[in-house]
Amino acid sequence: MIQKSVNLNELKEHINSFLEKEIYKNKNIECCPICGGKKHIKYGSYKGIQRYKCKKCERTFSNTTNSLWSYSKKDLNKWIKFVELMIKRKSLRFCAAKLKISLGTAFYWRHKILHGLKVDSIPNKLEGAVHINKTIVVENFKGCRNITTTKRSNIWIIAAKGDEDSMLVLPAFKDCWMRGIFYEKVYSKIQKGSYIVPYNDRYITAIAKEHNKKSLKERKEDDRVGYIMMNIMRWFSPYKGIATKYLEEYLSFFVLFNLDKMIDYVDIISYLSFGEKFIRTKDIGLKNK
Ligand SMILES: [Zn+2]
């Protein structure tokens, strides 16, 4: 679940605590992000962030190299505010006006963040009572040029949640149930000895029958999965339609709003600041799903 009640006036304080907590203190650079070399020296600072120089390749880097905002000319503060507005699910137009950035920049930032969040958000395994449901949305070509067809496919979204505090929600197939893909994307993550709790779908019910060795003493519903259609529709409504090619990214973002763990935008910023979260602007929008 994401805490939305963050006071804008407290932002500065948050930024400082974030920078202090994450960049200055906790993170030790282990190796050069460019060549992997183990030896480096301190090499001045930029915008208050320590830089290093690798002794092997002689390139300079910092803790934020390859973070989401690497190579961005805009201040980190703007990114942080942008993440906050994104959590409030404000429109791109609103974000652009508020932060005085172009609509194009707002679009790319949103997709960089969605991409960064997607990197690790998919659970590796589902165990215990694994609740599975599906919902169907109509294909959406928003923002695509040169669409000549009037045909729109049905996109099947599968939602699965086991005992862990994570959730799998992904566009799985077009138009009809595909058992092979279900096995690959969902079933392969279900651990032995777990129990499938199916909701309102004959295919999922059939798989549950095959899989479940014993019956569950009492079936507890999980509304996050049980009402997946309503939950998705409600959550998506501020976006006024999402292009199908970005659906997977948006759904991983949606998952963050459905966890038990409370996280706020400072956690998200910290998460996005480290590791290989970076995606080049030119790679956004090329993925064809
Ligand atoms: Zn190096």
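Summary of values
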| quantity | calculated |
| --- | --- |
| Considering residues of the range 53-66 that are surrounded by 14 or more Cβ atoms within 10 Å (Cβ to Cβ) and near the ligand (Cβ under 8 Å from one of its atoms) only, the residue modelled with the lowest pLDDT | PHE61 |
| Residue match in the range 67-82 (condition: at pLDDT 90 or above, more than 28 Å from ASP260 (Cα to Cα), more than 13 Å from the ligand (Cβ to nearest atom) and assigned to a loop (DSSP other than H, G, I, E, B)) | no |
| Cβ pairs under 9 Å, 6+ apart, first in the range 101-121 and outside any helix (DSSP H, G or I), second among the charged types (D, E, K, R) | ILE101/LYS74; ILE101/LYS78 |
| Residue in the range 204-219 that is touching an Asp or Glu at 6+ places or on another chain (Cβ under 7 Å) and β-branched (Val, Ile, Thr) present | no |
| Residue in the range 162-175 that is touching a residue at least 40 places away in the same chain (Cβ under 8 Å), acidic (Asp, Glu) and exposed (fewer than 15 other Cβ atoms within 10 Å of the Cβ) present | yes |
| Given (1) surrounded by fewer than 18 Cβ atoms within 10 Å (Cβ to Cβ); (2) at pLDDT 75 or above; (3) within 16 Å of the ligand (Cβ to nearest atom), number of the condition LEU103 does not satisfy | (3) |
| Those residues of the range 31-52 which are under 32 Å from the mean Cα position of the chain (by Cα), within 12 Å of the ligand (Cβ to nearest atom) and under 25 Å from LEU76 (Cα atoms), in sequence order | CYS31, CYS32, PRO33, ILE34, TYR52 |
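The rows are residues; the columns are (1) modelled with pLDDT of 95 or more; (2) more than 25 Å from the chain's Cα centre (by Cα).
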residue: ILE147; (1), (2): no, yes
residue: ALA160; (1), (2): yes, no
residue: PHE173; (1), (2): no, no
residue: GLY193; (1), (2): no, yes
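The values are calculated or read from the model by the stated rules, or taken from the named source; none is laboratory data. From a predicted model like this one, the values you see are computed outputs, not experimental measurements. Reconstructed Cβ throughout: ideal geometry from the backbone, glycine too, with neighbour counts over all protein chains shown.
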